[in-house]
Amino acid sequence: MLKFANVCKRYPLTGDVLRGVSFHLQRGEIAFLTGHSGAGKSTLLKLIALMERCNSGEIWLDGQKLSHVKDSQIPYLRRKMGFIFQDYKLLHDRTIFENVALPLIIAGYGHQETTRKVRAILEKVGLAGKEHKFPLALSGGEQQRVGIARAVVNKPPIIIADEPTGNLDPELSEEIMSLFEGFQQVGVTVLIASHDIALIERMHHRVLKLEHGRLFSV
Amino acid sequence: MKLRRRKQTQEVKVPKQAKPLRQEVKQNRAAGGTAKDKLIICRDLHIQAWFYSLLRLGKTPFASAITIVVLAISIALAGSFQLLLINFQQIAGNFQTSAQISLFLRENINENRARILADTLRKNPAIESVQVISKEQGRALFKTFGSFGAAIDMLDENPLPVVIEIMPKNTLDDDGQIETLVNTLKQRQEVDFVRMDMEWLQRLQAIMAVARRLFVALNTLLGFAVLFITGNTIRLELNNRQEEIMITKLVGATNSFIATPFIYSGFWIGFFAGVLAWFIVALLMVSLRVPVEALSAHYNGNFHLLFLSVADSIKLILVSASLSMLGSCLVVFNQLNKTNPQ
Ligand SMILES: Nc1ncnc2c1ncn2[C@@H]1O[C@H](COP(=O)(O)OP(=O)(O)OP(=O)(O)O)[C@@H](O)[C@H]1O
Ligand SMILES: [Mg+2]
């Protein structure tokens, strides 16, 4: 599903962040990506999101080589990924419904289908009835669930989350994690960057650790 | 969609990495549905973006108003200059009688021969109209020139020749054609001499040529001004909405999807600026009308200020809207290609 082969990433000012990272995630697998602050977790996720390009090595997603894809193809590839962020990255001047509907509208779904899918996913993350509220009127946990709903509404085969539970208390974190496990059940691959050691230990999933630009399986 | 869903459920049972079908990749580009469905969805998106962009303008009324007013002033400048040109052309047209050519025929040419000559001249494509003034008519005309005119009665014989008055075509647009006409007329054996105020006409033609050039240059400059003013406004708007653009890009939006509402903003700005410019020009005309017509009366003229025609008004607004749209288009695509989500 997702494959890194000897990937290197260097920032002009910072220097080498990833030095020959290789790993392979199967379909329907959940994995945590850990490492101390500045280890390059976000950088690795940005390579998948095509927000950054790697300097060498190859990245494959769903049989497609991401590392050499043309810029014009990036939007279409991103529709196969769901992104979740620590700071949610919601549009504050749009309602919850509009936020969640955005990927569907972009993908070209009609009004009826969009409405149906958005309602269904909001129900699933426990936000039914709040669709006409604005993000800032919700709690942190609720906003993160909006972010998750937006990430999965178009049924992407892979979900990429950067510190999704960073701002949440342990109880909420587990709630979010159980949502991820639910998606895993239907064959979605999930990669979560996190340094919430307690949470990672409790969850018993595969753990990948970044250290000095190299990746270790724990 | 069906195909994808079937594949996904299949994947749960067999978690093996399979090379995706080409079809599957394509399907991910857009949702399912027939071509007609897609067209309808696309149209709806554009209609939405159209109104949404209008709404956005309303959310920053002050900034939008400033841009629109600045644009309107530029466009009004171009519009007023065009009106000036149209009216000047009209004034020049009123003076056209001065461009009239008088052929004084030789003394031995009688009225009948003059009429035959006039008929030949009418066939000349450079000539608008031909009028024969007989000796008697000439005398009557002469008499109207006050006490001096009465002197003609003291003569036994009418000394005046038959005169043919010629109105050439396109007096103002042409350089050289009238001179050629005058020369050919001079060659005719019936003609004694030709009289025409060439110098005046040439001067007028020269002024018109300068004015037209100036008009083109000014319009080009103002066109660029419109491009830059709108472009800059849209650029600021893009900067204000970096975060939103970044998020939209991350959920798979193409540059054209993001650009559409901004381009429509450009349209609205140009449209409103065009309408406002029309009102500015109208106001200018209304305030000028009374004094100009009073001035005209002093010169026994029956000059009326011409205003922009309906077609010209529509053209003004359309040109303004499309230039502004073009300006935002250039800026939006340039900026979007440069910004990558961080
Ligand atoms: N755009 C950039 N330009 C230059 N250097 C960068 C850029 N982004 C990240 N870096 C550097 O790369 C290194 C890894 O950063 P990254 O954000 O991937 O770390 P991280 O593991 O996500 O850390 P954290 O846990 O604090 O989020 C850091 O040293 C950072 O300074
Ligand atoms: Mg990070």
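A few notes on this one:
- Its convex hull of Cα atoms gives the stretch A:2-217 a direction-averaged projected area, equal to a quarter of the hull surface, of 11.9 nm².
- Residues considered: A:T14, A:T95, A:T34. Largest GNM mean-square fluctuation over chain A, using C-alpha springs under 10 Å, is found at A:T14.
- Contact order relative to length of the stretch B:103-195, as percent, for alpha carbon pairs under 8 angstrom and 6 or more apart: 43 percent
- Each Cα pair under 8 Å and six or more residues apart adds its sequence gap; the mean of these over the residue count of the stretch B:246-342 is a relative contact order of 52 percent.
- Computed from the C-beta positions of B:L318 and B:V286 and an R0 of 30 Å, the FRET efficiency is 0.80 to the nearest 0.05.
- For B:D192, residues with placed amide H under 5 Å, excluding near neighbours: B:F104, B:L105, B:R106
- Close amide H contacts of A:R27 (hydrogens built in the peptide plane, cut-off under 5 Å, sequence separation of 5 or more or a different chain): none are found.
- Per-residue average of Cβ from other chains inside 10 Å of A:100-107: 5
- Label-to-label distance, A:S72 versus B:R203, with points set 7 angstrom from Cα along the beta-carbon direction: 6.2 nm.
- From phi via Karplus (6.51, -1.76, 1.60), per-residue ³J(HN,Hα) for the stretch B:254-261 in Hz, x at Gly/Pro: 7, 4, 5, 4, 5, 6, 3, x
- For residues of B:253-261, the mean tally of beta carbons on other chains within 10 Å: 3
- Within the shell of other residues whose beta carbon sits under 14 angstrom from the beta carbon of B:F81, the net charge comes to +1, with Lys and Arg scored +1 and Asp and Glu -1.
- For the protein assembly as shown, DSSP calls about 65 percent of its internal beta bridges antiparallel.
- All-pairs Cα distance distribution in the stretch A:21-118, expressed in whole percent, bin size 10 Å: 12, 37, 34, 15, 1
- Long-range HN-HN contacts of A:R214 with modeled amide H, under 5 Å: A:R19
- Peptide packing for A:20-32, B:207-219, A:142-154 was compared via the average number of neighbouring C-beta atoms within 10 Å per residue; ordered from the highest value, the list is A:142-154, A:20-32, B:207-219.
- With 25 Å as the limit on Cα-Cα distance, the pairs of A:K9/A:K80; A:K9/A:K70; A:K209/B:K338; A:K80/B:K338; A:K133/B:K338; A:K3/B:K38 that go past it are A:K209/B:K338; A:K133/B:K338; A:K3/B:K38.
- Cα-derived Rg to Rh of the stretch B:209-342, Kirkwood definition: 1.20
- For the stretch B:313-326, putting each phi into the Karplus relation 6.51 cos²θ - 1.76 cosθ + 1.60 with θ = phi - 60° gives couplings of 5, 5, 4, 4, 5, 5, 4, 4, 5, 6, 4, 5, 5, 4 Hz, in residue order, rounded to whole numbers and with x for Gly and Pro.
- Hydrodynamic estimate: the Kirkwood radius of the stretch B:147-282 over Cα pairs, inserted into Stokes-Einstein at 20 °C and 1.002 mPa s, corresponds to D of 97 µm²/s.
- Its Kirkwood hydrodynamic radius, worked out from the mean inverse distance over all distinct Cα pairs, puts the stretch B:103-195 at 14.4 Å.
- Neighbourhood net charge (15 Å Cβ-Cβ; Lys/Arg +1, Asp/Glu -1) for A:Y11: +4
- Rounded to the nearest 10 Å², the accessible area of A:M203 at probe 1.4 Å: 30 Å²
- The slack in the chain from B:I40 to B:F228, taken as 0.36 nm per residue of separation less the alpha-carbon distance, amounts to 64.3 nm.
- Positive contributions from Lys and Arg (+1) and negative ones from Asp and Glu (-1), summed over other residues with Cβ under 10 Å from the Cβ of A:I96, come out at +2.
- Residue-by-residue Karplus 3J(HN,Hα) for the stretch A:88-101, coefficients 6.51, -1.76, 1.60, Hz, glycine and proline x: 6, 6, 9, 8, 6, 9, 10, 6, 4, 4, 5, 4, 6, 6
- Mean-position separation - Cα centroids, the stretch B:251-284 and the stretch A:1-25, in angstrom: 45 Å
- Summed over both chains, the contact between A and B buries some 3500 Å² of accessible surface at a probe radius of 1.4 Å.
- Among B:60-69, A:164-173, sorting by the average number of other beta carbon atoms lying within 10 angstrom of each residue, highest first, gives A:164-173, B:60-69.
- Here the average projected area of the convex hull drawn through the C-alpha atoms of the protein assembly as shown stands at 38.5 nm².
- Only Cα pairs under 8 Å and 6+ residues apart enter the sum, and on that basis the relative contact order of the stretch A:2-217 stands at 32 percent.
The values are calculated or read from the model by the stated rules, or taken from the named source; none is laboratory data. Keep in mind that what you see is a predicted model, and the values were worked out from it rather than measured. Counting neighbours? That spans all protein chains shown, and the Cβs are built from the backbone with ideal geometry, glycine included. Side chains are part of the model used for accessible areas, which takes the heavy atoms of the whole protein and leaves out ligands, DNA and RNA. Shrake-Rupley method; radii C 1.70, N 1.55, O 1.52, S 1.80 Å.
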